[in-house]
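The next block holds one structure in the form of structure tokens; read it before the comments.
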Amino acid sequence: MTVADDLEAARAALVMINPAPYNAEAPPAALVGDVTPTELHYVRSNFAVPDHDGTLEIGGAVGVPMSLTLDDLRSLPAHDHTVTLECAGNGRLDMRPLPTGEPWGDFAVSTARWTGALLHEVLAKVAPAAEGVEVVAHGADHGPYHLQAILPETDQDELTFARALAIGEAMDPASGILIAYEMNGQPLGRDHGAPFRLIVPHWYAVASVKWLKRLDVLTEPYAGEFQTGHYIYQWPDRPHEPVTLMRVRARITDPAPGSTVDADTCTVRGKAWSGTGPVVGVDVSLTGEGDWQPARLEPPRGDYQWQDWSFTWDSIGVGRHTLRARATDAAGNVQPDVPPWNRLGYGNNAIEVIYVDRR
Ligand SMILES: Nc1nc2c(c(=O)[nH]1)N[C@H]1C(S)=C(S)[C@@H](COP(=O)(O)O)O[C@H]1N2
Ligand SMILES: [Mo]
């Protein structure tokens, strides 16, 4: 099988947003289970799928620079983390005026079981210098970035995807960051970052650098295009802020939007997640106004993944109904009614509204 066939098969079940670079949403079925089947996991790439030579170079301000292979990573203790990834641009299409950027609907979110070595254990081997402030991760992907760069100093003819994390976060065992080489028990596929990638739980997925090629410890903050140009909330009325943790959000997975229910009772189901969470409450409204009623929320099955919720909807009258679901997290964050508009269209966690008819 050629590489092209391989990718084609891997992409067959997704909803394409852009053929090149390939960007595709998950179908609604991706949100039903605890874990999204690999072939239903959304894909977001800024450049074409790159070749990767199979090594990870680690350097910069470190005592012991290293080059690691997949086998080297596999020889370290393996950890499984089930992680919900959401693109910061998910829901961009719902913002007005419409921001520039990939036109994502609401399905650039999925959950997979990732297996790999812990980033902090790998970094401990290279002995980061005391003056280190950030770790920058470079992907193997690169290419022209014409008409897209925000920073004037960006090389628009040849740019590489790179993102930095604070060294404290990268070295903290509690952050759960993986250099992952398996997804749902299989070697990583090419669209998802083969042979290995970062998985940074709780953050918008831009932090989870695919096709990981280099890690460098820096003594000055990193200011590349994907760090300080893109992935910045450009608020209309307050200072710009970097995109970091996923904002609290609930989705309704059942009934489907626009569907018809036959009985006068039905179970409404969905998912909820937050990077500043866990989610501590989901409320449902049947009026389109306030009147929030508590849903039943399942406890988190892990530290980094979405939670299930359900709500018994009784005495459904014949006709059209609006259904809304709103999540609140442990930090007290609650979803807004209206998307928090920003120029590049990130972080839309507005309350979902669907319509359902009772026959
Ligand atoms: N090297 C590299 N890593 C990357 C990206 C990229 O363009 N290049 N895109 C990021 C963004 S914006 C998202 S949302 C996630 C998507 O991961 P997935 O395609 O496995 O769902 O990868 C992140 N990692
Ligand atoms: Mo993203």
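The values are calculated or read from the model by the stated rules, or taken from the named source; none is laboratory data. Keep in mind that what you see is a predicted model, and the values were worked out from it rather than measured. Cβ sites come from the backbone with ideal geometry, for glycine too, and all protein chains shown count toward neighbours. Side chains are part of the model used for accessible areas, which takes the heavy atoms of the whole protein and leaves out ligands, DNA and RNA. Shrake-Rupley method; radii C 1.70, N 1.55, O 1.52, S 1.80 Å.
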Seminar exercise, completed: Measuring from its Cα centre, the range 114-193 shows a charge dipole (+1 at each Lys and Arg Cβ, -1 at each Asp and Glu Cβ) which, in debye to the nearest 20, is 280 debye
Exercise. Along the charge dipole of the chain, Cβ charges K/R +1 and D/E -1, which of L118, Y304, L212 sits furthest on the positive end?
Worked result: Y304
Exercise. If you take the square roots of the eigenvalues of the alpha-carbon gyration tensor of the range 123-190 and sort them as a ≥ b ≥ c, do you get rounded (a/c under 1.5), prolate (a/b over b/c) or oblate?
Worked result: oblate
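Between rounded, prolate and oblate, where does the chain land on the alpha carbon gyration tensor, with a ≥ b ≥ c its root eigenvalues, rounded for a/c under 1.5, else prolate if a/b exceeds b/c?
Details: a/c = 1.78, a/b = 1.70, b/c = 1.04.
Verdict is prolate for the chain.
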Exercise. In the chain, with Lys and Arg counted as +1 and Asp and Glu as -1 at Cβ, which of these residues, N348, A164, T244, has the Cα nearest the positive end of the dipole, that is, farthest along it?
Worked result: N348
For this session: Can you tell me the relative contact order of the range 3-242? Whole percent, Cα pairs under 8 Å, sequence separation 6 or more.
Result: 22 percent
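Do the sum for the chain: with -39,500 (n - 2.57) for every DSSP H run of n ≥ 4, divided by all residues, what is the mean residue ellipticity at 222 nm, to the nearest 500 deg cm²/dmol?
It comes out at -2000 deg cm²/dmol, rounded to the nearest 500.
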For this session: Order the peptides 102-112, 199-209 from the highest to the lowest mean number of other Cβ atoms within 10 Å of their residues.
Result: 199-209, 102-112
Problem set entry | Among H138, G59, S175 the positive-end extreme of the charge dipole of the chain (Cβ point charges) | S175
Exercise. Using θ = phi - 60° and the Karplus curve 6.51 cos²θ - 1.76 cosθ + 1.60, what whole-Hz ³J(HN,Hα) does each residue of the range 303-314 get, with Gly and Pro shown as x?
Worked result: 7, 10, 10, 4, 10, 8, 9, 8, 8, 8, 9, 9
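Hey, can you rank 76-83, 213-220, 60-67 by average C-beta count inside 10 Å, highest first? Write out the running numbers ahead of the final one.
Numbers: 76-83: 16.4, 213-220: 19.1, 60-67: 14.6.
Highest to lowest by the protection proxy: 213-220, 76-83, 60-67.
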Exercise. If you find the alpha carbon centre of the range 19-54 and of the range 299-347, how far apart are they in angstrom?
Worked result: 23 Å
Exercise. What is the magnitude of the charge dipole of the chain about its Cα centre, with +1 placed on the Cβ of each Lys and Arg, -1 on the Cβ of each Asp and Glu, and no other charges, expressed in debye to the nearest 20?
Worked result: 700 debye
Exercise. Between rounded, prolate and oblate, where does the range 180-295 land on the alpha carbon gyration tensor, with a ≥ b ≥ c its root eigenvalues, rounded for a/c under 1.5, else prolate if a/b exceeds b/c?
Worked result: oblate
For this session: Compute the FRET efficiency between R11 and D237 as 1/(1 + (r/R0)^6), taking r as their Cβ-Cβ distance and R0 = 35 Å, and round to the nearest 0.05.
Result: 0.30
For this session: Determine the sum of side-chain charges near L31: Lys and Arg each +1, Asp and Glu each -1, restricted to other residues whose C-beta is under 13 angstrom from that of L31.
Result: -3
Problem set entry | Rounded to the nearest 20 debye, dipole of the range 183-226 from Cβ charges on Lys, Arg, Asp, Glu | 220 debye
For this session: Go ahead and set up a Gaussian network model of the chain, Cα springs under 10 Å, then flag whichever of H138, H41, H146 fluctuates most.
Result: H146
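Please report the antiparallel percentage of DSSP beta bridges with both residues in the range 249-358, rounded to the nearest 5. It would help to have the intermediate numbers written out before the result.
On the way: 30 of 32 bridges.
Bridges in the range 249-358 are about 95 percent antiparallel.
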Exercise. Roughly what would the spin-label model give for E121 and L98, points 7 Å off Cα along C-beta, in nm?
Worked result: 4.7 nm
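Please give the contour-minus-distance gain from L76 to D262: 0.36 nm per residue of separation, less the Cα-Cα distance, rounded to one decimal in nm.
Details: separation 186, 0.36 × 186 = 66.96 nm, distance 5.43 nm.
61.5 nm is the gain from fully extending L76 to D262.
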For this session: Select from L14, L68, L93 the residue whose mean-square fluctuation is largest in a Gaussian network model of the chain (Cα-Cα springs shorter than 10 Å).
Result: L68
Seminar exercise, completed: In whole Hz, the Karplus estimates of ³J(HN,Hα) for the range 142-158 (6.51, -1.76, 1.60; θ = phi - 60°; x where Gly or Pro) are 6, x, x, 9, 5, 6, 10, 4, 9, 6, x, 7, 5, 7, 6, 8, 7
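How large, in percent, is the carbon and sulfur part of the accessible surface of the chain at a probe radius of 1.4 Å? Intermediate results must be reported in sequence, preceding the final value.
Numbers: 8150 of 15190 Å².
C and S atoms contribute 54 percent here.
Over the range 200-359, average the accessible area per residue using a 1.4 Å probe and give it in Å², no decimals. Let's see the in-between values first.
Numbers: 6870 Å² over 160 residues.
Accessible area per residue: 43 Å².
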